[in-house]
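Visitor: I'd like to ask you about the structure that follows.
Read the figures in this text as sums done on the coordinates, not as results from a lab. If you're wondering where the values come from, they're calculated on a predicted model, not measured in any experiment. Here the Cβ positions follow ideal geometry from the backbone for every residue, glycine too, while neighbour counts run over all protein chains shown.
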Amino acid sequence: EVQAPLHWEDDGQALLFVAEQRGRRPLWRFDLPDRRAEVVVDGGHVQAFDKRAGTLVTLADSAEHPAQLHAHLPGEAPRRLERFNDRLLAGVELGRTEERRFTGALGDEVQMWLTFPPGFGSRRKHPLLHVIHGGPHTAAGDQWHYRWNTQVFAARGWVVASVNYHGSSGFGYAFLDSITHRWGQLELQDLEAATDALLREPWVDAKRVCAAGGSYGGYLVAWMNGH
């Protein structure tokens with residue numbers, strides 16, 4: 001899904017834009033002559049960008065940090081432009097986040113993100129919390145969510161799972177439209193499959209598994225309770 005705004009390169013032969021791809025939102029460049037798109041800035045979630053006089057600036061966050069500004073110059077590593085939140089985060093211990101894939105509804109590959117609590121130990125039992133995204137046609141991503149921040153939940157000792165169930169954006173139109181007129185069915189199968197996969201891990205406490213979500217995620221929590 002290509003998202004506004006679109007930015008013309010100075011020569012008028014290419015466009016810059018952001019578009020979701022498998023739980024991330026990179027910055028892309030689309031060349032008009034050969035009709036080819038390539039990623040310019042990868043990883044995390046690019047919220048905004050601009051380019052002037054050959055210098056590209058991005059505002060991007062990830063599961064590891066809130067939004068940061070970087071300048072991107074040809075042939076150089078990205079250069080951080082600000083330190084707004086560094087002092088606030090200096091005394092905060094964050095858990096690691098990793099991407100996993102499993103077989104969900106219809107035999108399709110489904111992505112989920114796991115955020116582990118700080119000091120996670122694989123020899124200990126940890127409770128499991130599903131944080132279910134809304135939409136439904138949005139996605140849980142490699143981003144620093146300012147309302148449903150998985151690091152906040154994980155800080156209480158939970159392993160947090162964020163499943164990009166059928167209907168999520170960034171995985172192709174067929175996947176996006178697959179839940180139309182059968183809402184709740186495939187999503188529930190995905191969440192159950194994710195739970196089954198995680199219960200095979202020795203560090204999950206099978207007696208402490210729960211789910212939370214807002215908007216469409218809240219609907220799915222209610223759906224699970226009723227089914």
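Visitor: Using a 7 Å offset from the Cα along the Cα-to-Cβ direction at both HIS65 and ALA212, what is the distance between the two label points in nm, to one decimal?
Guide: 2.6 nm
Visitor: On the Cα set of region 111-227, report Rg and Dmax in Å, please.
Guide: Over region 111-227's Cα set, Rg and Dmax evaluate to 14.0, 43 Å.
Visitor: Another question, then. With springs only between Cα atoms under 10 Å apart, run a GNM on the chain and tell me which of HIS65, HIS133, HIS166 wobbles the most.
Guide: HIS65
Visitor: Here is a further query. Find me the longest stretch of the chain that has none of the exposed chymotrypsin sites (Phe, Trp or Tyr not before Pro), where exposed means in a DSSP loop (not H, G, I, E or B) with at most 16 other Cβ atoms within 10 Å. Intermediate values should be presented prior to the final figure.
Guide: On the way: sites that count: PHE84, PHE120, TYR146, TRP183, TRP203.
Longest gap between qualifying sites, sites excluded: 1-83.
Visitor: If I build a Gaussian network model for the chain, linking alpha-carbon pairs within less than 10 angstrom, which residue out of ALA161, ALA19, ALA77 has the largest mean-square fluctuation?
Guide: Among ALA161, ALA19, ALA77, the largest mean-square fluctuation in the Gaussian network model of the chain belongs to ALA77.
Visitor: Moving to a separate point now. For region 36-100, which trypsin sites (Lys or Arg not before Pro) pass both filters: DSSP loop (anything but H, G, I, E, B) and at most 14 other C-beta atoms within 10 Å?
Guide: ARG83, ARG96
Visitor: Taking the Cα centre of region 47-153 as origin and charging only Cβ (+1 Lys, Arg; -1 Asp, Glu), how large is the dipole, in debye to the nearest 20? Could you put the intermediate results ahead of the total?
Guide: On the way: 13 positive and 12 negative charges, 61 e Å.
Charge dipole of region 47-153: 300 debye, to the nearest 20.
Visitor: Quote the FRET efficiency, to the nearest 0.05, computed for GLN185 versus ARG101 with a Förster distance R0 of 30 Å and r equal to the Cβ-Cβ distance.
Guide: In this case the efficiency is close to 0.90.
Visitor: Using only Cα atoms, find the angle between the long axis of helix 185-199 and the longest principal axis of the chain, and express it within 0 to 90 degrees, rounded to the nearest 10.
Guide: For 185-199 against the chain, the angle is about 80 degrees.
Visitor: Please give, to one decimal in nm, the separation of the simple spin-label points placed at ASN85 and ARG123, each 7 Å out from Cα toward the Cβ.
Guide: 3.4 nm
Visitor: Residue separation times 0.36 nm, minus the C-alpha to C-alpha distance between GLN47 and ASP11: what's the value?
Guide: Net length gain for the segment: 10.5 nm.
Visitor: Could I ask something else about it? For the chain, report the % of Cα-Cα distances exceeding 33 Å. Could you put the intermediate results ahead of the total?
Guide: On the way: 6171 of 25651 pairs.
For the chain, the fraction of Cα-Cα distances above 33 Å is 24 percent.
Visitor: Ok, one more. Roughly how large, in nm² to one decimal, is the mean projection of the convex hull of the alpha-carbon atoms in region 106-161? Please list the in-between numbers first.
Guide: Details: hull surface 20.2 nm².
Mean projected area for region 106-161: 5.0 nm², to one decimal.
Visitor: Moving to a separate point now. Could you check what % of the DSSP bridge pairs in the chain are antiparallel, to the nearest 5?
Guide: 80 percent
Visitor: Can I ask one more? To the nearest 10 degrees, how steep is helix 216-226 against the longest Cα principal axis of the chain, on a 0 to 90 scale?
Guide: It works out to around 10 degrees.
Visitor: Can you compute the radius of gyration and Dmax for region 1-89, using only the Cα atoms, both in Å?
Guide: Answer for region 1-89, Rg first and Dmax second: 13.5, 46 Å.
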